[in-house]
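The values are calculated or read from the model by the stated rules, or taken from the named source; none is laboratory data. Keep in mind that what you see is a predicted model, and the values were worked out from it rather than measured. Every residue, glycine among them, receives a Cβ derived from its backbone with ideal geometry; neighbour counts consider all protein chains shown.
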Amino acid sequence: MDPAHPPGRLQEQLAELRRKIARMEARSPVVRFEAPASLNEGEEAANAAGVHWRMRRSWPSHFRHGNADVGALCELPPSLLDVLTEETGWSVPPERWAFVDTETSGLAGGSGTFAFLVGGGAITPDGFVVDQFFLREPAEEASQLEGFTEWLSGFDVMVTYNGRAFDIPLLETRYRLARMKPPFARLRHIDLLYSARRLWRLALERCRLQDLEVRILGFERVGDTPGALIPQLYFDFLRTGNARPLEGVFEHNALDILSLACLAGIVPAAFRDPARLRSAAEMLGIARWLRNEQRFEEALALMREAVKRPLAEALLFETLWHMGDIERRLDRHDAAVALWSELSTVANPWRAQALERLAIHYEHRERNPAMALEMTRAALAIAPSEALVKRLNRLQLRANRPKSGRLL
């Protein structure tokens, strides 16, 4: 026994500490979770890691989200998504696709940012269902993550929108900080953002999910909670315990996931059968992707079809340039020359480059230095460069070189 701290004195100190804690708790109001009336189907979910709040929203098969038919989602072909991945030939029925989106405590990411709401959507024979895993307080995170892992175990494919750069790395960090294994490694991950950009970058100024909702799905939100306000609304909830202002956040998350599912039926279909596209800009978006994949004949066919349709002048000239470049790569030089000649006759951003390509062609393939010199001079007048000056000097030397005489 320590004579400096007799048992009686220690008990007095503990009692005083308890009284101080009680006074502090009396000054701090107890925060209680108040479920919004429109989401009263939510309930407390318990698992080995603790408890969290879980909600479910559903849309019946006859529901239309803009111009998208929710009931048609379950009829999507199992092989639909493989065109968006490097690993082709796999087949997973749509009921095994998980659509994932998060709402977080910050927009910049980092180890201090956590997902206070994780939403997961699923296609069912009856329509579409979204389950939401919510943190009433940060201490419930382990239970939330465990609940989401259990839900995700029923799927083989995960579909996100910018999830590869934001949502999934953030969740992986939170799993590791909670000393839990992230559940994503076994899943095929399809991030629709990248394919949407390829498809609509030329047609739309921005490719945010809500931009695609309006322009592609024909759905416009009314009274939506802006994403920039969501972190502050959650921190207000932690301070006051009133969840009613979060009702719009839950709705925002659910609509994001529903729109993601509807777009999952549109984006890969465009890549599989681009000839069905009506917009020239959409066709060119696919054609660029095909060109980068070195599928030149397919890219060229789409470009030829696109230039027959209404197209912005700048995009038309750029497309003609790319068509000429593809024809050159395919060793169809006459076709390439025809396209470069067309570009060389009118003012456009590609005119000087087309003239330079013509100069190269006439010098090396046609062995016509006079024509090559004419093309080089025309290109120099539009866009002077060191390479063109060197070409001009070389061609002038050849033109001024005396021809050797011949004996008859």
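Residues 373, 392, 355, 388: which one is in contact with a Ser or Thr (Cβ under 8 Å, 6 or more places away or on another chain), farther than 17 Å from residue 318 by Cα, in contact (Cβ under 8 Å) with a residue 24 or more places away in the chain and not in a loop (DSSP other than H, G, I, E, B)?
Checking each option against the conditions leaves just 388.
I need the full set of residues from segment 263-321 which are assigned to a helix (DSSP H, G or I), of a type in the set (S, T, N, Q) and either touching a His at 6+ places or on another chain (Cβ under 8 Å) or surrounded by 14 or more Cβ atoms within 10 Å (Cβ to Cβ) (or both), in order please.
319 - this is the single residue of segment 263-321 that is assigned to a helix (DSSP H, G or I), of a type in the set (S, T, N, Q) and either touching a His at 6+ places or on another chain (Cβ under 8 Å) or surrounded by 14 or more Cβ atoms within 10 Å (Cβ to Cβ) (or both).
Rundown of residues vs (1) in a strand (DSSP E or B); (2) modelled with pLDDT under 95; (3) more than 23 Å from the chain's Cα centre (by Cα); (4) loosely packed, with under 15 Cβ neighbours inside 10 Å, yes/no style:
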{"site": "29", "(1), (2), (3), (4)": "no, yes, yes, yes"}
{"site": "32", "(1), (2), (3), (4)": "no, yes, yes, yes"}
{"site": "38", "(1), (2), (3), (4)": "no, yes, yes, yes"}
{"site": "41", "(1), (2), (3), (4)": "no, yes, yes, yes"}
{"site": "46", "(1), (2), (3), (4)": "yes, no, yes, yes"}
{"site": "54", "(1), (2), (3), (4)": "yes, no, yes, no"}
{"site": "58", "(1), (2), (3), (4)": "yes, no, yes, no"}
{"site": "77", "(1), (2), (3), (4)": "no, yes, no, yes"}
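Among the candidates 230, 286, which residue alone is assigned by TED's automatic domain parsing to the domain that holds residue 208 and not hydroxyl-bearing (Ser, Thr, Tyr)?
Criteria check complete, one pass: 230.
Looking at 236, 273, which is the one that is out of contact with any strand residue (DSSP E or B) (no Cβ under 7 Å at 6 or more places or on another chain) and within 30 Å of residue 298 (Cα to Cα)?
After applying the criteria, what remains is 273.
Kindly provide the set of residues from segment 393-407 that are surrounded by 11 or more Cβ atoms within 10 Å (Cβ to Cβ), charged (D, E, K, R) and modelled with pLDDT under 85, ordered by number.
398
Considering every residue within segment 102-115, establish whether at least one is part of a strand (DSSP E or B) and of a type in the set (Asp, Glu).
Looking through segment 102-115, at least one residue is part of a strand (DSSP E or B) and of a type in the set (Asp, Glu).
Can you tell me which residue within segment 168-216, out of those that are within 26 Å of residue 135 (Cα to Cα) and small (Gly, Ala, Ser), is surrounded by the most Cβ atoms within 10 Å (Cβ to Cβ)?
Per the criteria, the residue is 178.
Filter segment 130-152 down to the residues that are in contact with a Gly (Cβ under 7 Å, 6 or more places away or on another chain) and in a strand (DSSP E or B), then identify the one that is surrounded by the fewest Cβ atoms within 10 Å (Cβ to Cβ).
131
Output the number of residues of segment 253-262 satisfying the condition of being in contact with a Lys or Arg (Cβ under 8 Å, 6 or more places away or on another chain) and crowded, with 22+ Cβ neighbours inside 10 Å.
Looking only at that region, the number is 1.
What number of residues within segment 201-231 are assigned to a loop (DSSP other than H, G, I, E, B), closer than 14 Å to residue 266 by Cβ and not hydrophobic (A, V, I, L, M, F, W, C)?
Residues meeting the conditions: 1.
Would you check which residues across segment 153-167 are surrounded by fewer than 17 Cβ atoms within 10 Å (Cβ to Cβ) and part of a helix (DSSP H, G or I) and list them?
Matches in segment 153-167: 164, 165.
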